[in-house]
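Okay, so here's the structure we're looking at.
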Amino acid sequence: MTTIYPLSQLGWSTFFQQQLSLDECSDYFPARVVAQHRSRLAILCETGEHSLNIHPKMPILTVGDWLLLDRQNDFYRALDRQTLFSRKAPGSKVAEQLIAANVDTVLISVALNNDFSLNRIERYLALVKAAGANALVVLTKADLCLSPDDYLQQVQALDPLLIVEVVNALEPESLKKLAPWCMQGNTIALLGSSGVGKSTIVNSLLHSDTQITSSARAADDKGRHTTTGRSLHLLDAGGLILDTPGMREIQLVDCEAGLEAAFSDVERLAMNCRYSDCQHNNEPDCAVQLALSQGLIDQRRLNNYLKLSREQERNSATLAEKRSKERSQSRYYRSVQEGSRQRKKGLK
């Protein structure tokens, strides 16, 4: 029996509908990428789940993307994304790696153990805000922590408007706090380091053992990689949930707007510095350093802001240089091809 999936359940909205012409509405149908493999994509549409082979003429796609297919289930085009999560590719490679597209809310998962890090939370917040999605910080493994409220207050101090929930993923009753974000049409994603309990949350919300789980390393509470690929899953409440592998390295790129939003308190102070290019170190009349001396911001937060700012500037400049070189090469190749065509015409 074929399962029918209403488009609204898959996250379809007017944002995507408005991108279709009248001809496209009649000749093509939308499908959403729910998993990505080496040479093919798993997609969901109203008629069920299908497999789509990846070919060189396709744009670079990621889980969560919306596509238009023809009546033979062949790729026609990709739709514009409402949100997009990306990072600098791990290691020394100069490239941007796509993480997920069209996610509405991100559950930033952080374990209440020795691996807890406010710096990492701020990094994730910058990423989420740069993508244009909503952020929800989920503090996991509350059952292993003696004073979860202390951690909650530390995270809440980053932003009074930030929504923070403390959960024990092994207790279904505890995860009811996440119900408002799991409703029909809403796509949620879990981001966090390995071992923070993302797969356990996915399994609990799906009422199944979809994802393999394992315990954290006893020596340092750092997790083991158990999820090896990104995939979207349908929730009973009608929403969709995306699980991602734990990412130890998530360097920021093209994330200036995200940093401004994640560190809005520092940014507001910086507007009162004497120099517009103030580095907030030893410059005269630095409003940020004045606030630091008055205890209005703490040294850890300022240090992380400066570190992430340098990182995103460096990565963005490097990636921009790479893109410029690629555009120059493309123009050169096109000119060579055009010259070849002109010479062939002249020989006829």
(message) For ARG40, what residues show an amide H to amide H distance below 5 Å, using hydrogens built from the backbone and excluding near sequence neighbours?
(response) ILE54
(request) Determine, at each q value in 0.16 (inverse angstroms), the log₁₀ of I(q)/I(0) that the Debye formula gives when each Cα of segment 7-78 is one equal point scatterer. (result) -0.51
(message) Using a 10 Å cut-off around each Cβ, can you sort GLU260, GLU49 from fewest to most neighbouring Cβ atoms?
(response) GLU49, GLU260
(message) Please list, ordered by chain and number, the residues whose modelled amide H lies under 5 Å from the amide H of ASP65; skip anything fewer than 5 residues away on the same chain.
(response) VAL33, ALA101
(message) Under a Cβ-only charge scheme (Lys and Arg +1, Asp and Glu -1), can you give me the dipole magnitude of segment 7-78 about the Cα centre, in debye to the nearest 20?
(response) 320 debye
(request) Arrange LYS176, LYS129 by Cβ neighbour counts within 10 Å, fewest through most, would you? (result) LYS176, LYS129
(request) Quick one: grab Rg to one decimal and Dmax as a whole number for segment 84-160, Cα atoms only, in Å. (result) 14.2, 43
(message) Using Cβ contacts closer than 10 Å as the measure, can you line up THR318, THR3, THR200 from fewest to most?
(response) THR3, THR318, THR200
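Throughout, read-outs are computed from the coordinates displayed, never taken from laboratory work. Quick caveat, the model's predicted, so the values are computed rather than measured. In this analysis, Cβ positions are derived from the backbone assuming ideal geometry, glycine residues included, and neighbour counts consider all displayed protein chains.
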